[in-house]
Ligand SMILES: Cc1cc2nc3c(=O)[nH]c(=O)nc-3n(C[C@H](O)[C@H](O)[C@H](O)COP(=O)(O)OP(=O)(O)OC[C@H]3O[C@@H](n4cnc5c(N)ncnc54)[C@H](O)[C@@H]3O)c2cc1C
């Protein structure tokens, strides 16, 4: 018997474990894999992700990865760069981030069970093959293809769409201290510096057959940058869906991280959301009321969902994409405001003003 049983020891599960542990509850985490657990990811931690992690007491040392000071959009119709209004982002390999989170969870007194797939939920008990463990609260942190979601009957979807992400690392000194998003027809590449001599490259598209090498032909500038670099890892793919659930908690079961819904990977906000949700979930569990978590979860998703919608509209409509890139190149101040909005540093008035100005620029450029 434990107070809280968390299914999945990825970033969301470990963050939730630490947050709940700090409320004085006993926490057990089970994961089917063993650390360090890798996963196709853009590996960019935005300044708000680092701040949310720090609020949970998670310290990610700057030398764990490579700092970047903002985001640059590049396209055939223009490019725009903006520095974060506060702080820096950090590109960190998943195989570096995961052991950091595991060590922090161990320090916090979380009981960790690796190579332990959870096989079901029955009568408030978590099934571990032939064994079962009782828990007052169960948290599903088992990723985008969550089984806990099904077992708990939380798989009612409010909204869903599918894209595909492919990731590969290249051994090359980062040529920029920005995270870059390269815009093309029907796909994007984003590039995150992750070490002094390595970058993480992610391809996002709606085409399940498109792969990094063939897609690079549409991006001559990026292809040239990577031409002489050796491949440090092989290409790994992942379904990168956008999914919003009708509900993320029922009875004594709550979902967190990708299990609780996803925003498109291009926002780079998945880890931030997981860390923010962890704090909200711990508060709700300590108060004995998961409805509070449900409300907080909805509120936390608003900004990333808005940014994802904006970027996916650019993805869908090439003409809009071209005009938006030209407008942002002509008005770097508006791009900087968008970036401030992206990391939660722009108030409602600033958001409305930027929205109107950007709309005008796009319509008239
Ligand atoms: C292509 C791509 C690029 C991305 N880029 C970024 C980015 O740059 N920045 C960012 O912040 N976010 C990014 N994201 C999002 C980010 O990767 C996710 O939001 C994050 O990994 C979610 O963490 P999680 O713990 O919820 O899920 P996961 O990392 O998927 O972890 C789930 C864990 O549950 C375990 N598990 C599953 N089933 C069971 C079971 N039955 N029993 C026990 N264990 C189980 C798995 O082994 C796994 O360890 C990206 C996502 C994609 C797909």
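Checking 97, 50 one by one, the residue that is in a helix (DSSP H, G or I), more than 27 Å from residue 346 (Cβ to Cβ), within 11 Å of the ligand (Cβ to nearest atom) and modelled with pLDDT of 95 or more is 97 and no other.
If you go through the stretch 228-240 one residue at a time, how many are modelled with pLDDT under 95 and touching a helix residue (DSSP H, G or I) at 6+ places or on another chain (Cβ under 9 Å)? Before the answer, list the steps.
From the stretch 228-240, those modelled with pLDDT under 95 are 228, 238-240; that's our starting set.
In the following step, the residues that additionally are touching a helix residue (DSSP H, G or I) at 6+ places or on another chain (Cβ under 9 Å) were identified as 238, 240.
Here the count works out to 2.
Total residues in the stretch 188-225 satisfying the condition of being within 18 Å of residue 267 (Cβ to Cβ) and either away from the ligand (no atom under 12 Å from the Cβ) or not in a strand (DSSP E or B) (or both): the figure is 1. Pairs needed: first member in the stretch 173-184, without any contact (Cβ under 8 Å) to a residue 12 or more places away in the chain; second member anywhere, in a strand (DSSP E or B); C-beta distance under 6 Å; at least 6 residues apart or different chains. Nothing qualifies.
Name the residue that is farthest from residue 144 (Cα to Cα), counting only residues in the stretch 263-292 that are outside any helix (DSSP H, G or I) and in contact with a helix residue (DSSP H, G or I) (Cβ under 7 Å, 6 or more places away or on another chain). Lay out the reasoning, then the answer.
In the first step, residues of the stretch 263-292 are kept if they are outside any helix (DSSP H, G or I); the result is 263-264, 268-269, 288-289.
Still in the list and also in contact with a helix residue (DSSP H, G or I) (Cβ under 7 Å, 6 or more places away or on another chain): 263-264, 269.
Numbers: 263: 11, 264: 12, 269: 14 Å.
This residue is 269.
Got a number for residues in the stretch 233-244 being within 13 Å of the ligand (Cβ to nearest atom) and over 13 Å from residue 145 (Cβ atoms)? Final tally of qualifying residues: 4.
Could you tell me which of the residues 13, 33 is touching a residue at least 24 places away in the same chain (Cβ under 8 Å) and out of contact with any helix residue (DSSP H, G or I) (no Cβ under 8 Å at 6 or more places or on another chain)? Give the derivation first.
Details: 13 fails: out of contact with any helix residue (DSSP H, G or I) (no Cβ under 8 Å at 6 or more places or on another chain).
Unique residue meeting the criteria: 33.
Please enumerate the residues belonging to the stretch 246-262 that are part of a strand (DSSP E or B) and either more than 14 Å from the ligand (Cβ to nearest atom) or modelled with pLDDT of 95 or more (or both).
The answer is 249, 250, 253, 254, 255, 261.
When the stretch 1-43 is filtered for residues that are on the phi > 0 side of the Ramachandran plot and within 13 Å of the ligand (Cβ to nearest atom), the ones remaining, listed by number, are 8, 43. Pairs are defined by a Cβ separation below 7 Å, a sequence spacing of at least 6 or placement on different chains, a first member in the stretch 70-88 that is free of Cβ contacts under 8 Å to residues at least 60 places away in the same chain, and a second member that is crowded, with 19+ Cβ neighbours inside 10 Å; the pairs so defined are 87/47; 87/50; 88/47; 88/68. Out of the residues in the stretch 13-31 that are touching a strand residue (DSSP E or B) at 6+ places or on another chain (Cβ under 9 Å) and part of a helix (DSSP H, G or I), which is farthest from residue 256 (Cα to Cα)? Checked the stretch 13-31; the qualifying residue farthest from residue 256 (Cα to Cα) is 21. So residue 64 fits all but one of (1) in contact with a strand residue (DSSP E or B) (Cβ under 8 Å, 6 or more places away or on another chain); (2) in contact (Cβ under 8 Å) with a residue 40 or more places away in the chain; what number is the exception? Single failed check for residue 64: (2).
Inclusion of residue 234 among residues that are surrounded by fewer than 16 Cβ atoms within 10 Å (Cβ to Cβ) and in a loop (DSSP other than H, G, I, E, B) is warranted.
Filtering the stretch 108-149 to residues that are at pLDDT 95 or above, away from the ligand (no atom under 13 Å from the Cβ) and in a loop (DSSP other than H, G, I, E, B) leaves 109, 110. Listed conditions (1) more than 26 Å from residue 211 (Cα to Cα); (2) more than 16 Å from the ligand (Cβ to nearest atom) are all met by residue 88, apart from (2). Applying the set (1) in contact with a helix residue (DSSP H, G or I) (Cβ under 8 Å, 6 or more places away or on another chain); (2) more than 12 Å from the ligand (Cβ to nearest atom); (3) part of a loop (DSSP other than H, G, I, E, B) to residue 170 leaves exactly one unmet item: (3).
The values are calculated or read from the model by the stated rules, or taken from the named source; none is laboratory data. Every value quoted in this text rests on a predicted model; they were computed, and no experiment measured them. Methodologically, a virtual Cβ is constructed for each residue, glycine included, from the backbone with ideal geometry; neighbour enumeration extends over all protein chains shown.
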